[in-house]
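Okay, structure first, notes after.
The values are calculated or read from the model by the stated rules, or taken from the named source; none is laboratory data. Because the structure is a prediction, the values reported are computed rather than measured. Quick reminder, even Gly has a Cβ in these numbers, built from the backbone with ideal geometry, and neighbours come from all protein chains shown.
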Amino acid sequence: MNVPDSVATALADRDVAGATCLEAGAGVGNATAGLLDAGAEHVYAVTDRADHAEGVRERFPDDDRVELIEADLRELPLPADAVDAITAHALFNVLPNDAAAPIAAELTRVAAPGATLVVDDYDPMPAESPVRRLFAVENAAAELAGARPALTFYPADGLRRLFGGHGWKHDRTRTILEPVPWSESHLTAHTAEVRGHAASLPDALGQQLITEAERLAKTTGHSDEGRMYSVAMALPE
Ligand SMILES: C[S@@+](CC[C@H](N)C(=O)[O-])C[C@H]1O[C@@H](n2cnc3c(N)ncnc32)[C@H](O)[C@@H]1O
């Protein structure tokens, strides 16, 4: 089913066979594919972006185990205790810090007693990292255009403690990808994000940010750096 290695590694020691699951922040449904591959009975794939929702529809056209939900993770149209397993794979890095806490609360509300939670994300990158410098330009453009950052890198321990505050018990933290292969197409996609934010800025300012992003993407080319971690937790029965 074409499951990325990082997703497969994160789920390898989780038992989701027959479970009702939720992929929080579905993108094109990478963790949905991983959960199905691992035997999940039903997966709610949640995203707030119409283009990502379309990607999920295209990827699982006739699979009645997949239920696409286009909604904000802060207000899920699901009852309490509805799911046995939740994945948040590469979700938190796109969440501004005012969204992280309410999403943690809402994921806890819909999780049944005994539920499993797998939170996978990227370590914060060192200041000298060329990829981080590109992300800094993207964040500057996003802040100037919409008053929120595009990317926030949460340390594993911070997310563990955030969910710990909602009663989740830590099971394990492990590395699932190291180094992270930031490919040319990745960097091109982030440069395109800068262009998108720059469109709503004064021309000279926007152009300066675009020029810097293009320069950084070009001089970096691609970069193998950083780490993706996986934190697994469980709710008490
Ligand atoms: C980087 S993608 C992660 C994709 C996928 N989990 C994967 O592993 O490839 C982040 C996803 O989270 C979604 N997302 C971010 N904030 C959200 C929110 N508040 N409510 C619902 N979805 C959200 C985005 O729309 C996007 O689909």
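Which of (1) in contact (Cβ under 8 Å) with a residue 60 or more places away in the chain; (2) more than 10 Å from the ligand (Cβ to nearest atom); (3) surrounded by fewer than 20 Cβ atoms within 10 Å (Cβ to Cβ) does Val110 not meet, given it meets every other one?
Tallying (1) in contact (Cβ under 8 Å) with a residue 60 or more places away in the chain; (2) more than 10 Å from the ligand (Cβ to nearest atom); (3) surrounded by fewer than 20 Cβ atoms within 10 Å (Cβ to Cβ), Val110 fails exactly one: (3).
Any idea how many residues of region 172-188 are part of a helix (DSSP H, G or I) and either closer than 15 Å to Met228 by Cβ or of a type in the set (Val, Ile, Thr) (or both)?
2
One residue is enough: does region 96-103 have a residue meeting the conditions within 14 Å of the ligand (Cβ to nearest atom), hydrophobic (A, V, I, L, M, F, W, C) and part of a strand (DSSP E or B)?
So far as region 96-103 goes, no, none of its residues is within 14 Å of the ligand (Cβ to nearest atom), hydrophobic (A, V, I, L, M, F, W, C) and part of a strand (DSSP E or B).
Sort through Ala101, Ala40, Ala85, Ala8 and tell me the only one that's within 25 Å of Pro155 (Cβ to Cβ) and buried (at least 18 other Cβ atoms within 10 Å of the Cβ).
Ala85
Between Ala145, Ala141, which is outside any strand (DSSP E or B), in contact with a Gly (Cβ under 8 Å, 6 or more places away or on another chain) and in contact (Cβ under 8 Å) with a residue 12 or more places away in the chain?
Unique residue meeting the criteria: Ala141.
Considering only residues that are in contact with a strand residue (DSSP E or B) (Cβ under 9 Å, 6 or more places away or on another chain), outside any helix (DSSP H, G or I) and over 26 Å from Ile86 (Cβ atoms), which ones fall in region 189-237?
Those that are in contact with a strand residue (DSSP E or B) (Cβ under 9 Å, 6 or more places away or on another chain), outside any helix (DSSP H, G or I) and over 26 Å from Ile86 (Cβ atoms): His222, Ser223, Asp224, Glu225.
Residue check, Ala204 against (1) loosely packed, with under 13 Cβ neighbours inside 10 Å; (2) in contact with a Gly (Cβ under 9 Å, 6 or more places away or on another chain); (3) more than 26 Å from Ala101 (Cβ to Cβ); (4) at pLDDT 95 or above, all met but one. Which one?
That leaves (2) as the condition not met.
When region 31-75 is examined, which residues are found to be within 14 Å of the ligand (Cβ to nearest atom), part of a loop (DSSP other than H, G, I, E, B) and in contact (Cβ under 8 Å) with a residue 40 or more places away in the chain?
Residue satisfying the conditions is Leu73 alone.
May I ask you to say which residue of Val28, Val3 is within 12 Å of the ligand (Cβ to nearest atom), hydrophobic (A, V, I, L, M, F, W, C) and over 24 Å from Arg172 (Cβ atoms)?
When all the criteria are applied, what remains is Val28.
Residue-by-condition table, conditions (1) among the aliphatic types (A, V, I, L, M); (2) surrounded by fewer than 13 Cβ atoms within 10 Å (Cβ to Cβ):
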{"site": "Val131", "(1), (2)": "yes, no"}
{"site": "Ala145", "(1), (2)": "yes, no"}
{"site": "Arg161", "(1), (2)": "no, yes"}
{"site": "Gly165", "(1), (2)": "no, yes"}
{"site": "Ser200", "(1), (2)": "no, yes"}
{"site": "Gln208", "(1), (2)": "no, no"}
